[in-house]
Amino acid sequence: MTGGMNRRDLLKIIGAGALTAALPARAQSKEPLRFGIQTTIWGAVAIIAEAEKLFDKAGAKVDVVKFGSGAQARDAMIAGHIDIVSIGSPPFLLGVEKAGLVAIGISCYAGGTLSLVASKKSGIKSVADLKGKKIASQLATATDNGFQNKIMPAFGIKKDEYEVVNSKFAEHVSAMASGAVDAFAGVEPFPSIAETEGLGTILTDYSKYDIVPVILATNHKVLASREADLVKFMRGWIMAADIFRKDPKKAASIVGNFFRGRGQKINDDVYRLAMSRMDVSTSYRPELKKYMTDLAQVLVKQKRLGEMPNIDRALDQRILKKIP
């Protein structure tokens with residue numbers, strides 16, 4: 001960049017978004033943090049925080065932006081449309097390489113919220129029966145990763161011995177009910193909906209095979225320039241997590257109202273069941289580093305990652321250390 005370039009020329013080349021990223025932290029902090037979540041049960045804590053205005057109570061300005069999956073939220077993060085994202089491990093690691101994503105905490109450990117669900121009409125009784133079947137799964141997600149790379153191999157089923165139908169989480173129950181697929185690899189509340197409506201049988205959840213960490217992530221620019229705002233954000237997040245853990249009835253009512261507002265006419269008992277399968281925690285478990293290292297090695301082998309990321313750098317601890 002030349003020394004004689006004026007501000008107008010600079011704006012033409014790098015755009016207003018890049019200029020904003022270069023502003024001092026004090027100036028940036030006047031703008032809300034844009035927080036991307038996925039509209040599954042994994043978004044429950046964020047839904048509670050928004051409904052109860054807990055980010056505001058913690059002194060954080062936060063706009064919650066909804067997406068259908070973590071991969072979509074990650075792509076919005078890469079494009080610079082959001083500042084914080086809640087995503088599963090595979091899209092997070094891909095974002096580490098593509099956009100310098102960095103974790104600031106954990107949203108939850110969600111192995112219990114992911115399940116393989118078979119149609120009651122299919123006659124499928126176990127995971128082993130999925131050989132040769134059509135299975136709905138949303139590709140490039142933590143749910144799909146655990147399904148194809150952990151559970152199916154555990155039952156000796158190879159990738160060419162079943163057919164994956166790429167479809168969004170919210171479409172899984174209807175696809176199974178219509179007979180378009182025999183089963184689905186899904187995230188709550190959809191397995192609980194299929195179960196309570198008598199449409200499907202849960203063959204297994206993921207907890208035995210995969211801890212499924214869901215990660216709160218930002219990028220290095222936001223982390224460097226808005227650290228104080230991120231600390232406030234995390235305090236609001238922890239307040240919402242406390243409601244989730246200590247008052248499940250209230251939490252289920254809030255989350256149920258959110259999904260009913262999006263056209264899903266399901267009672268609170270379904271959401272309470274779905275949410276009971278999620279371990280809400282903000283801290284890094286001791287086994288998390290090995291988990292992320294092993295996953296990164298798989299992604300490199302699949303040529304989805306170009307090289308091994310620095311896991312210690314990706315799992316940043318500075319925000320968590322500032323929370324009492």
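Nothing in this text is a laboratory measurement; each read-out follows from the coordinates by a stated rule. Fair warning: this is a prediction, and the values are worked out from it, not measured in the lab. Please note: Cβ atoms are built from the backbone with ideal geometry, for glycine as well, and neighbour counts cover all protein chains shown.
Filter the range 101-124 for residues that are in contact (Cβ under 8 Å) with a residue 12 or more places away in the chain and part of a loop (DSSP other than H, G, I, E, B); which is nearest to GLY68 (Cα to Cα)?
Going residue by residue through the range 101-124, those that are in contact (Cβ under 8 Å) with a residue 12 or more places away in the chain are 101-122, 124.
Right, trim to part of a loop (DSSP other than H, G, I, E, B) and you get 110, 120-122, 124.
Working: ALA110: 17, LYS120: 26, LYS121: 28, SER122: 27, ILE124: 28 Å.
Only one residue tops the list, namely ALA110.
Quick check: anything in the range 76-84 within 16 Å of HIS220 (Cα to Cα), touching a Leu at 6+ places or on another chain (Cβ under 6 Å) and assigned to a loop (DSSP other than H, G, I, E, B)?
yes
I need the full set of residues from the range 166-182 which are crowded, with 16+ Cβ neighbours inside 10 Å and either in contact with a Lys or Arg (Cβ under 6 Å, 6 or more places away or on another chain) or within 20 Å of GLN72 (Cα to Cα) (or both), in order please.
SER167, PHE169, ALA170, GLU171, HIS172, VAL181, ASP182
Condition first: under 23 Å from ALA71 (Cβ atoms) and surrounded by fewer than 17 Cβ atoms within 10 Å (Cβ to Cβ). Can you find one or more residues in the range 226-247 that meet it?
Within the range 226-247, none of the residues are under 23 Å from ALA71 (Cβ atoms) and surrounded by fewer than 17 Cβ atoms within 10 Å (Cβ to Cβ).
Condition first: part of a helix (DSSP H, G or I), of a type in the set (D, E, K, R) and touching a strand residue (DSSP E or B) at 6+ places or on another chain (Cβ under 8 Å). Now tell me which residues in the range 57-75 satisfy that.
Initially, the range 57-75 is screened for residues part of a helix (DSSP H, G or I), giving 57, 70-75.
Those left that are additionally of a type in the set (D, E, K, R): 57, 74-75.
The answer is ARG74, and nothing else.
Inside the range 290-320, can you point out the residues that are surrounded by fewer than 16 Cβ atoms within 10 Å (Cβ to Cβ) and either of a type in the set (Asp, Glu) or not in a helix (DSSP H, G or I) (or both)?
Across the range 290-320, the qualifying residues are ASP294, GLN302, LYS303, ARG304, GLY306, GLU307, MET308, ASN310, ASP312, GLN317.
Quick one: in the range 88-100, of everything that is assigned to a helix (DSSP H, G or I) and in contact with a strand residue (DSSP E or B) (Cβ under 7 Å, 6 or more places away or on another chain), which residue is surrounded by the fewest Cβ atoms within 10 Å (Cβ to Cβ)? Break it down stepwise before answering.
Going residue by residue through the range 88-100, those that are assigned to a helix (DSSP H, G or I) are 89-99.
Adding the requirement that they be in contact with a strand residue (DSSP E or B) (Cβ under 7 Å, 6 or more places away or on another chain) leaves 89, 92, 95, 99.
Values: SER89: 25, PHE92: 28, GLY95: 25, ALA99: 18.
Within the range 88-100, the match that is surrounded by the fewest Cβ atoms within 10 Å (Cβ to Cβ) is ALA99.
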